[in-house]
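Here's the structure we're looking at; comments come further down.
What follows draws every value from the coordinates through simple rules; no lab data is involved. Quantities reported herein were computed from a predicted structural model and do not represent experimental measurements. FYI the Cβ positions are ideal-geometry reconstructions off the backbone, even for glycines, and counts take in every protein chain you see.
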Amino acid sequence: MTRSVFRFLARQPDLPILSGESVFLRLPRYRDFEQWHQLRRESRGFLQPWEPTWRADDLTERTFRQRVLRNEQEYANGLAVPLFLFRRSNEELLGGLTVGLIRRGAAQNCMIGYWIGERHAGQGHMFAALQLAIPYMFGVLELHRIEAACIPSNISSRRLLEKAGFEQEGLLRDYLKINGEWRDHLMFSRLNSAPSRQSKSV
């Protein structure tokens, strides 16, 4: 599928951008607010240790609508592809995966980030999402390198990246301010030239 076709699909509110057997990914829409609000609110304690400090208005509808608009602008400008992850059978929101910091020119790379609702964790959903997103990043976006960083103590995230074919490269000291503190991160990457790996879901 060509890049232009993917862009067309992304602008259709009822069509997914990437679809697999059990899950699909698409750009966030205003109508996703209720599901997003409920899932993020109930998963707050589960997510906060691994994310930047939540603002006081983080879960408000106004902030969500601003985020959706910003996502659309970033996508249109080729800077990022922010996606929500849904269960295919009933369109239940499971989490999100963002293809961000897209760099062109000599770099041709991006940085991915992801989150999963607490009640959906450990069921292989994010691994399934990566299996859809990686071919999109390499094939449609024509990137050479995908990067991901995670806190060393986030064992689940490290295992996910390893099973998805990412290799650990090194330690980034005080890389991101997470939950109010500067935290070291491990840098992982996967190259377009790397062989495909068959792995079990996590």
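Quick notes
- Available extension along the chain between Arg29 and Glu72 is 14.5 nm, counting 0.36 nm per residue and deducting the alpha carbon span.
- P(r) histogram, all alpha-carbon pairs of the stretch 82-191 included - 5 Å bins from 0, percent: 2, 11, 21, 24, 20, 14, 6, 2, 0
- Per-residue Cβ neighbour rank within 10 angstrom, fewest leading, Arg103, Arg62, Arg31, Arg145: Arg62, Arg31, Arg103, Arg145
- Average Cα contact separation per residue, the stretch 3-144, under 8 Å, 6 or more apart, as relative contact order %: 24 percent
- Hull-based mean projected area of the stretch 50-106, where the convex hull spans the alpha carbons, in square nanometres: 5.8 nm²
- Dipole moment magnitude, nearest 20 debye, the stretch 82-202 about Cα centre, only Lys, Arg, Asp, Glu C-beta charged: 180 debye
- For the stretch 8-113, Kirkwood radius (reciprocal of mean inverse C-alpha pair distance, Å): 14.8 Å
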